[in-house]
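Encoded as structure tokens, the structure appears first; notes follow it.
Bear in mind that the values in this text are calculations on the coordinates, not laboratory data. Everything quoted here is computed from the prediction, not taken from an experiment. Glycine also receives a Cβ, built like all others from the backbone with ideal geometry; neighbour counts cover every protein chain displayed.
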Amino acid sequence: MEVKTICPYCGVGCGIIAKKTGNTWSIEGDKDHPSNFGRLCSKGAALAETIDLDGRLLEPHVEGEQVSWTEAIDTVAAKFNKVKEEFGPESVAFYVSGQLLTEDYYVANKLMKGFIGSANIDTNSRLCMSSTVAGHKRAFGTDTVPCCYEDLERAKLIVLVGSNAAWCHPVLYQRIVQSKKENPDLFVVVIDPRKTTSCDVADLFLPINIGTDVMLFNGLLNYLHTQGETNKLYVENYTEGLDEALEQARQSSASVETVARYCGLEIKDVETFYRMFARTERVVSVYSQGVNQSSSGTDKVNSIINCHLLTGRIGRPGMGPLSFTGQTNAMGGREVGGLANTLAAHLELDKPSDVDLVQRFWKSPVIADKAGYKAVDLFEAVHEGKVKAVWIMCTNPVVSVPNADFVKEALKKCEFVVVSESVQKTDTAEFANVLFPALPWAEKDGTVTNSERRISRTLPFLPPAGNAKADWWIISEVAKAMGFEQSFNYQSPSEIFKEFAKLSGFENQGSRDFDISKYAELSQAQYNELEPAQWPITNDQPQGTDRMFVDGHFFTPSGKARFISVTPRSPCNPVTAEYPLILNTGRVRDQWHTMTRTGKSPRLAEHSPEPYVEVHPDDMKQYDLLEGSLARVFSSWGSIIARVKQSETQKGGSIFIPMHWNNQYALNGRVDALVNPVTDPVSGQPELKHTPVAIELYEPVWHGFLLSRRDINFSELSYWVKARGNGFSRYELAGMQSANDWPEWARGLLCSSDNDVNWVEYLDRSAGRYRGVRLVDNRLESCIFIAPTHELPTRNWLASLFEKDQLTDDDRVSLLTGKPPATQKDQGKVVCACFGVGENTIIESIQSQSLTTTDEIGKCLKAGTNCGSCVPELKGLLSKLNH
Ligand code: SF4
């Protein structure tokens, strides 16, 4: 059995095929899908490891008690109606997610804006790409992505700005790598404060100071103009506002020297970049969270678009600004009005005629006519008691929203919290008065839109588990119970999709960019068989539209694109003597968002099993930090503990911490607890890339690790982190108080009623060292290693023993050393997650077989031959060993 569907993680929107052999599902890339042509990254390839029922929420709950669907729905409907009647429609809110399908999103937006009558619905996509939305609207009049992925193959210059695509959008990065292989003339510039893995493909790397992008691109605008690179015909016929934008660019970025100094770059590098941009017609500027997640994110977006408008490099093959969206359906959320400041189908809340059009189409009793609370403001409103009932769908704001401890407090104080989740335990679900069991990816039915406007069908390959239901169904049932039966009487997602398609074409006649009216009359069979296509998709363009603005027509009142005059601004909170370092946050290669799904996959846990902080060597010295030790990082907003990694790729004065860890996987690893809650004044997007922080060595009395077949709860430790292994859980531990008796402590922690338990132990009481191994029937059940410092044996060989049903004599002899016997090898930390190839194995092969290229490593070990995400690391090892 085979089902074609879409990867649920990032905005690349890769097509996948779920295959069933016997009782086992496997995942492979869909060679026919135009986003990925069969490629998958490590996360997509590991999807089959995330679909079991372990930890699933399968029944509705009210106040912790399992209830029927009717009771849960009636409880929510009654409370939302009561709060609305007593305190007005602004007192209720939805916080939704780019993980919802378009049909779910559409219904949620319709209920809040058209029937409750408030625009208090915002999405977690606010945190990842709302600055792009705002920048598009300012320049084009609409939130329109002009390009398509194929432009990456047709470009001669690709500029990656604030985008570690190698880790965050790996399949598009692989398309760039492939394109460079086939076209060695392709020049790639990477602009980023960190030397990320994406620099592996870069011909030029500009390690820009955080937040100085507007200066760099204003400088480019000025340079292009003074060098006579203005496309006069294009500017005259299709744009407006150049003079003001240019004047501002001249004032702020008068010379290359000024730009280089401000941005922390070499003059010659800025000159090379400007020269390459000037002389290359086919330029694609790719940008992502490094641009968007800033208090001047919208201005950054417009400073990039300005350069494309000046040169007329938009709407033609191989050129244009192209934002990579964060989540699989971030774009779908933008289409249906998931943001608190837009209506459905790219209609606008601040245009009375649009508001009127939507209300007539929905035949709704009321309609919101002003923007609601954006994400950060929404949780402030909850904290202040202005919002008294909030429904959170498919997202985990206690982990992902800046000032995350404040969000936690807000939900604790909130009168009524509803959470729709597929997972039983999340940091946010802890605060729910009502928990709705929603369908996870493998059971969902609907559509998503990726970064290039491509709508694809997501099809379920598993039946709904337990009593879980689709989000569109849950929302519609609550709407009906609130008294809106007629307008939410949907029987299937296809009905919702057709209604949405109809709205997109309603009184449109080419006046709006978003139009999928071709789909308004689909039969169920046609909906099921929908081929991936890029909107607009109309009767005139039934196959969809690869590039926008081909004819130079934009959706502004004049029909011309607008240059936006932008001034460089520093990030809101500068570093101080008390908080002297800049915190930058982002993703790691093998985890997704708050780990509720990727955290289940053993192979994905191996690459980065612990929250870490990357620190430049100079800062390591300055703050007395040690590689592999623990550090406390703190800001005015909160504090966390993370493992220290020395990194030459980090700029001095700034540190990097990944965004993924939460309280289910780490005691104190939620980085957003540190992040300042300042936002871009236009888009409302938070400044997740710049928070002033301090760092200090965290010195527990003891360190340790535990590998155990059984999950363990720790109540009194100062530090613990959990990672899923193959058949066991791995815990990194530390404590401020030594146990009086380590063997007794270990037995208290690990013992159960198993028969034939056999303990093998080593204790050096005076040195504070203890090693205990617990065997049941000659099978490794658990092992715990304690030491006064963080220097402990590697976990790899011990971890491999959990795959054995019986230990050998050699294994038993070596157990307490934590190292393999001479007859076995420790493969080292996993580098290639797809094939589970470890660092020691790669090093040994490079040395013993004199390997000099990643292709040779691939031939020898398969490492790097699937998703390619580890290729930069392989190159790093080659260069270290061959020089
Ligand atoms: Fe999924 Fe990876 Fe493709 Fe993104 S690049 S959609 S995470 S397989």
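So the values come out like this:
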| quantity | calculated |
| --- | --- |
| Scattering curve values for the range 197-281, log₁₀ I(q)/I(0), Debye with Cα scatterers, q = 0.16, 0.22, 0.23 Å⁻¹ | -0.65, -1.08, -1.14 |
| Fully extended contour minus Cα-Cα distance, from E529 to E65, at 0.36 nm per residue | 163.0 nm |
| Quarter of the Cα convex hull surface for the range 465-517, i.e. its orientation-mean projected area (nm²) | 4.9 |
| Per principal axis, descending, Cα span of the range 2-50 in whole Å | 30, 20, 13 |
| Relative packing of 116-125, 241-250, which averages over residues the other C-beta atoms within 10 Å, highest first | 116-125, 241-250 |
| Other-chain or far-sequence residues with amide H under 5 Å of T538's (modelled H) | K518, G544 |
| Per-residue [θ]222 nm for the chain (sum of -39500 (n - 2.57) over DSSP H runs n ≥ 4, rounded to 500) | -8500 deg cm²/dmol |
| Rg over Rh, two decimals, the range 436-489 (C-alpha only, Kirkwood Rh) | 1.07 |
| For the range 801-883, alpha-carbon Rg over 2.2 N^0.38 Å | 1.25 |
| Cut-off under 5 Å, modelled amide H: who pairs with V831 long-range | V837, G838, E839 |
| Cβ-based exposure ranking for M659, M736, in which fewest neighbours within 10 Å come first | M736, M659 |
| Highest average packing first - 612-619, 269-276, Cβ atoms within 10 Å | 612-619, 269-276 |
| Highest-first arrangement of 674-685, 458-469, where packing means the average Cβ count within 10 Å | 674-685, 458-469 |
| In the range 521-606, GluC sites (Glu not before Pro) in a DSSP loop with at most 13 other beta-carbon atoms within 10 Å | E521, E529, E578 |
| The chain - Debye-derived log10 I(q)/I(0), Cα point model, q = 0.07 Å⁻¹ | -0.55 |
| Proxy reagent accessibility, fewest Cβ within 10 Å first, across R316, R765 | R765, R316 |
| Stokes-Einstein translational diffusion, the range 762-807 - Kirkwood Rh over all Cα pairs, 1.002 mPa s, 20 °C, in µm²/s | 183 |
| Rg/Rh ratio calculated on Cα atoms of the range 581-698 (Kirkwood radius) | 0.97 |
| Pairwise FRET efficiency - D551 versus A739, Cβ, R0 = 60 Å, nearest 0.05 | 0.20 |
| Along each principal axis, Cα extent of the range 189-234, largest first, Å | 39, 22, 16 |
| Net length gained if the chain between K804 and E507 were fully extended (0.36 nm per residue, minus Cα distance) | 100.3 nm |
| Exposure proxy ranking, count of Cβ atoms within 10 Å, fewest first, for Y762, Y579 | Y762, Y579 |
| In sequence order, calculated HN-Hα J values of the range 633-649 (Karplus, 6.51, -1.76, 1.60; Hz; x Gly/Pro) | 10, 9, 9, 5, 9, x, 8, 9, 10, 9, 6, 7, 10, 6, 8, 6, 7 |
| Relative contact order %, the chain, counting alpha carbon pairs below 8 Å whose residues are six or more apart | 15 |
| Among the listed pairs K110/K137; K137/K386; K386/K413; K181/K880, those beyond 18 Å (Cα-Cα) | K110/K137; K137/K386; K181/K880 |
| Stretch gain in nm, segment E86-S848, where the contour uses 0.36 nm per residue and the Cα spacing is subtracted | 266.7 nm |
| Projected-area average for the range 246-303 over all orientations - Cα convex hull basis, square nanometres | 4.7 |
| Per-residue ³J(HN,Hα) for the range 85-101, Karplus 6.51 cos²θ - 1.76 cosθ + 1.60, θ = phi - 60°, Hz, x for Gly and Pro | 5, 6, 10, x, x, 6, 8, 10, 7, 10, 10, 10, 7, x, 8, 6, 7 |
| For T691, residues with placed amide H under 5 Å, excluding near neighbours | L583 |
| The range 448-568: Cα Rg divided by the 2.2 N^0.38 Å rule of thumb | 1.34 |
| For the range 823-833, 3J(HN,Hα) per residue [Karplus equation, 6.51 cos²θ - 1.76 cosθ + 1.60, θ = phi - 60°, Hz, x = Gly/Pro] | 7, 10, 10, 9, 6, x, 5, 5, 9, 9, 6 |
| Lysine pair count for the range 236-378 [Cα-Cα under 28 Å; pairs on different chains or 8 or more apart] | 8 |
| For the range 787-829 versus the range 258-326, the gap between their alpha-carbon centres in whole angstrom | 50 |
| Kirkwood Rh, angstrom, the range 725-798 [1 / mean 1/r, Cα pairs] | 13.3 |
| The range 130-323 - Rg (one decimal) and Dmax (whole number), Cα, Å | 15.1, 41 |
| Restricting the range 788-862 to GluC sites (Glu not before Pro) in coil, as DSSP defines it, with at most 16 other Cβ within 10 Å | E791 |
| The range 2-50: relative contact order in percent, alpha carbon pairs under 8 Å with at least 6 residues between | 30 |
